[in-house]
Amino acid sequence: MKIRVNGEEKKIDLDQENAPLSIVLNSMGYKPNTIVVELNNLIINSLKWEKVKLKDGDNLEIVSIVGGG
């Protein structure tokens with residue numbers, strides 16, 4: 001399946017056609033407690049990542065949270 005991540009097209013090779021968002025993020029190396037995810041212009045609560053299925057052509061914007069002071 002092909003999706004867009006932060007404006008860049010990515011090909012995701014997973015067994016499922018509609019892969020859970022959590023598995024896709026994990027396969028790209030993201031840690032759930034350090035990012036905010038927007039899927040097709042909607043922010044997705046991290047508690048729902050297991051239930052949200054990605055499909056071909058979806059658009060993800062992923063923002064990393066950086067601490068400091």
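Within 10 Å, at most 13 other Cβ atoms, and a DSSP state outside H, G, I, E, B define an exposed site. Report the longest part of the chain free of exposed GluC sites (Glu not before Pro).
The answer is 18-49.
For the chain: lysine pairs with Cα atoms under 19 Å, gap of 8 or more or different chains, count?
Lysine pairs satisfying the spacing and distance rule in the chain number 12.
Obtain the nm distance between the two label points defined at Asn40 and Asn18 by a simple spin-label model: each point lies 7 Å from its Cα along the Cα-to-C-beta direction.
A separation of 1.1 nm, rounded to one decimal place.
Say each of Lys10 and Glu61 gets a label point 7 Å from the Cα, pointing the same way as Cα to Cβ; how far apart are those two points in nm?
1.6
Where does the chain land at 222 nm, in deg cm²/dmol rounded to the nearest 500, when only DSSP H runs of n ≥ 4 count, each adding -39500 (n - 2.57), divided by all residues?
The helix-only estimate for the chain comes to -2500 deg cm²/dmol at 222 nm.
Using a 10 angstrom Cβ neighbour count of at most 11 plus a DSSP loop assignment to flag exposed trypsin sites (Lys or Arg not before Pro), which longest range of the chain is free of such sites?
That would be 1-50.
Would you please report the Å³ per residue occupied by the convex hull of the alpha carbon atoms in the chain?
With only Cα atoms used, the chain gives 90 Å³ per residue.
Let me spell out the model: positive unit charges on the Cβ of Lys and Arg, negative unit charges on the Cβ of Asp and Glu, origin at the Cα centre of the chain. What dipole size does that give, in debye rounded to 20?
Approximately 140 debye in magnitude.
No lab work stands behind these numbers, since they all come straight from the coordinates. Everything quoted here is computed from the prediction, not taken from an experiment. Don't worry about glycine lacking a Cβ; one is built from the backbone with ideal geometry, like all the others, and counts go over all protein chains shown.
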